[in-house]
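*Asks:* Just passing along the structure, written as structure tokens.
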Amino acid sequence: MLIEKAALPASGRVTSLRPKLPPRLLRGALRLRRVGTVGLVLYALALGAVLGLASANWATRGRYPFGGVVLNAWTAWPKIGSRDADPYVRAIHARTGEIPLALGEGLLLTALTDDAGRRLDPSCRYRIAGATPPARAWTLTVERRGQAKHAAQAGAVPPPRTGFTSTEVLRDRDGRFSVIVSPTVQPGNWLPMPEGEGSIRLVLRLYDTPVAASTGVLEREGVPSITREDCP
């Protein structure tokens, strides 16, 4: 059987079977290709900027993300005022304007849950009781994210009290104290629940305390208990 072979051009090269585009259409296709590449690059840059800003905003909204030592319901932050503070802590302080306690000045403890691990509910009543670790002075406050903004927008009168100090809290004969945090008025040491939006946070600040440099001592001495007593 004889098979006919296609004759090659005189130059010896095989010509393409695809039809050639006119120069005008070819330039248009190349231009669209360049525009598509530039658009993808701009989209990637914009997406990266949005994700970066969103993650930075989430990480610096006022809650320390790293470096905490858990002590029952409380979390101690021994390094937020030291030279070893991580960049996120420094960014939070720069954003909020808060001056942290230095390592030799005191220790900060925060709590977002009760001793049972349940999130603090603004409609419930809690009892913070016991004794604090050794310190020259301490303060106990209740905070809520967005509290100042809500009060400014509503023009509300500030609560009668947002915290207690070690010099004004009422104690029993053994020197122990009991503070009630509740949205309704309570006898004794009462802290009203702050208004606004966001989570509730208890803040205990120990001033001039020997446990600032060692959380192991703080664990042995104990921290106040946080007990939920009543919820609607």
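Each reported figure results from applying straightforward, stated rules to the coordinates on display, with no laboratory input. Nothing here was measured: the structure is a model prediction, and the numbers come from that model. Reconstructed Cβ throughout: ideal geometry from the backbone, glycine too, with neighbour counts over all protein chains shown.
*Asks:* Hey, fewest Cβ within 10 Å first, where do 165, 141 land in order?
*Replies:* 165, 141
*Asks:* Going by how many other beta carbons lie within 10 Å of each one, how would you line up 124, 231, fewest first?
*Replies:* Placing the least packed residue first, the sequence is 231, 124.
*Asks:* Can you list the residues, at least 5 places off or on another chain, whose amide H is less than 5 Å from the amide H of residue 229, using H built in the peptide plane?
*Replies:* Amide H to amide H, under 5 Å and 5 or more residues apart or across chains, residue 229 pairs with 125, 126, 127.
*Asks:* Subtracting the Cα-Cα distance from 0.36 nm times the residue separation, let me have the gained length for residue 37 to residue 161 in nm, one decimal. Please report the intermediate quantities before stating the final value.
*Replies:* Values: separation 124, 0.36 × 124 = 44.64 nm, distance 6.01 nm.
So the chain would gain 38.6 nm between residue 37 and residue 161.
*Asks:* Rounded to the nearest 0.05, what FRET efficiency do residue 174 and residue 199 have when you use their Cβ-Cβ distance and R0 = 25 Å?
*Replies:* Step by step, r from the Cβ atoms, then E = 0.15.
*Asks:* Quick one: 3J(HN,Hα) in Hz for the range 182-198, Karplus 6.51/-1.76/1.60 with θ = phi - 60°, rounded, Gly and Pro as x.
*Replies:* Once rounded to whole Hz, the list reads 7, x, 10, 5, 10, x, x, 7, 10, 10, x, 5, x, 8, x, 10, x.
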